[in-house]
Amino acid sequence: MQSDQTISCQKNPPESKVLLPGGTIGILGGGQLGKMLAIEAKKLGYRVGILDPEKGCPAAQVSDFSVVADYSDLAAVAALADASDVLTFEFENVRSAPLKEVAVSRCRICPDPEVLHIAQNREREKNFLAANGFPCAPFAVVSSAEELEKAAEVIGFPCVLKTADFGYDGKGQCRLEKGFDAREVWHRFSCPKGVLEGWVPFSAELSAVCARWESGETRCLPVSENQHRHHILDASIVPASIPSEIQDQARSIAASIAEKLQVVGLLAVEFFLHCDGTLLVNELAPRPHNSGHYSFDACICGQFEQHIRAICGLPPGSTELLSPVVMVNLLGDLWPEGGTPPWEKILVNPALKLHLYGKSSPRNGRKMGHFCTLAPTVSQAVADANFARETLGLPPIQRG
């Protein structure tokens, strides 16, 4: 464990549910989500500490202090908790057990580690959704080739086999067709347990980011319409081109899930809009979400500030959309060897907002930044995004 600065342990009274500016927020994870959380926390006047295995990670660049250690390092987690009034996390690949074991007795954790425990495992997540009547695709938990073969026959084809633990951006999953070799697939899968899900013929992929307070009050951001490329989020479009009643339903489901989980902070809910018009929950993320990045520029109070307000007990901010917007992810594939993409050529649009995360090195598939185009209409925002995409050598956004 290393620390880049002396860590102050002066803390606000633990009995207070409101953490006023001047207090310290600890963040487990130092990537782009942690960086944008830290930026909003600093704007509100909080001190910020980061725990991340990488020295000089994006969030550490804008924080007061950082602890360089693995997330499984209990002493490091304890050190951050001792220096913090409230602890939060920026992604699910933080083991919930150390948080329960070490940090709970030292400071508040938001959301509760039990929420993390459910959301970071597909078996627990799907069982939670099904047990509480939330709509999702048919699924079965399998732990052998024989179980996989039987479950596939019941669920039908095509279907998707996913790892139970720590899958994201399409990693740890494969589509199965009728006649597949269960033994060969299971051997290649190389995991002790998987979740087999029915294939969803969807007309759109959507997400709703909901913030919930200790009081039970909730605020949902405008629903985003998402497009993926190579299983990674490519673009989010807001407002979504779906009926308002479906958007209302998505926000209502997200708020209900947040309430059932007793989330304090953000919960992002990804949906498939089935071709028959019904919504199915795909995944949960108890943290800021890539599809909510647009709100940093296009909402009165974006997802990052809203998360800080919720975990600190400050009043909710307005989620009003100030402008139609398109958010485009920028992956490491764009970086020429030894060079930099031509940012000056896309910044000729004065309504384009560029966010580069400050990661040490680009690589294929790595999220290095994003940009947002804001315009009076969605069609103009899409056109402006496509002009920038063409300039960077990306294919255009296609809308049905």
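The strands (runs of 3 or more DSSP E) falling completely within segment 154-221 that include 2 or more residues that are β-branched (V, I, T) map to 159-163. Going residue by residue through segment 174-187, is there one that turns out to be under 28 Å from the mean Cα position of the chain (by Cα), farther than 18 Å from L284 by Cα and crowded, with 19+ Cβ neighbours inside 10 Å? Yes, segment 174-187 contains a residue that is under 28 Å from the mean Cα position of the chain (by Cα), farther than 18 Å from L284 by Cα and crowded, with 19+ Cβ neighbours inside 10 Å.
Of all the criteria given as (1) over 12 Å from V195 (Cα atoms); (2) modelled with pLDDT under 95; (3) crowded, with 21+ Cβ neighbours inside 10 Å; (4) within 18 Å of the chain's Cα centre (by Cα), the one not satisfied by V115 is (2).
Report whether or not L129 is outside any helix (DSSP H, G or I), at pLDDT 95 or above and not assigned by TED's automatic domain parsing to the domain that holds A76. So that I can check it myself, show each step before the final result.
Numbers: outside any helix (DSSP H, G or I): no; at pLDDT 95 or above: yes; not assigned by TED's automatic domain parsing to the domain that holds A76: yes.
When the stated conditions are applied, L129 does not pass them.
Here S291 meets each of (1) in a helix (DSSP H, G or I); (2) out of contact with any strand residue (DSSP E or B) (no Cβ under 8 Å at 6 or more places or on another chain); (3) closer than 23 Å to A204 by Cα with one exception, condition (2).
So which residues in segment 208-245 are of a type in the set (G, A, S), closer than 21 Å to S379 by Cβ and surrounded by 16 or more Cβ atoms within 10 Å (Cβ to Cβ), if there are any at all?
Result: S224, A235, S236, A240.
So is C159 touching a Cys at 6+ places or on another chain (Cβ under 9 Å) and in contact (Cβ under 8 Å) with a residue 24 or more places away in the chain or not? Step through it out loud before you land on a result.
Values: touching a Cys at 6+ places or on another chain (Cβ under 9 Å): no; in contact (Cβ under 8 Å) with a residue 24 or more places away in the chain: yes.
It is false that C159 is touching a Cys at 6+ places or on another chain (Cβ under 9 Å) and in contact (Cβ under 8 Å) with a residue 24 or more places away in the chain.
The listed residues are P315, P395, and the only one of them that is assigned to a loop (DSSP other than H, G, I, E, B) and under 30 Å from R212 (Cα atoms) turns out to be P315.
In segment 332-339 there is at least one residue matching the filter, namely being in a loop (DSSP other than H, G, I, E, B) and at pLDDT 95 or above.
Only one residue in V200, V223, V185, V195 is in contact with an Asp or Glu (Cβ under 6 Å, 6 or more places away or on another chain), in contact (Cβ under 8 Å) with a residue 24 or more places away in the chain and farther than 16 Å from N329 by Cβ. Which one? Lay out the reasoning, then the answer.
Numbers: V200 fails: in contact with an Asp or Glu (Cβ under 6 Å, 6 or more places away or on another chain); V223 fails: in contact with an Asp or Glu (Cβ under 6 Å, 6 or more places away or on another chain); V185 fails: in contact with an Asp or Glu (Cβ under 6 Å, 6 or more places away or on another chain).
Of V200, V223, V185, V195, the one residue that is in contact with an Asp or Glu (Cβ under 6 Å, 6 or more places away or on another chain), in contact (Cβ under 8 Å) with a residue 24 or more places away in the chain and farther than 16 Å from N329 by Cβ is V195.
The values are calculated or read from the model by the stated rules, or taken from the named source; none is laboratory data. Here the structure is a predicted model, which means the values were calculated and not measured. No Cβ is skipped: glycine too gets one built from the backbone with ideal geometry, and neighbour counts run over all protein chains shown.
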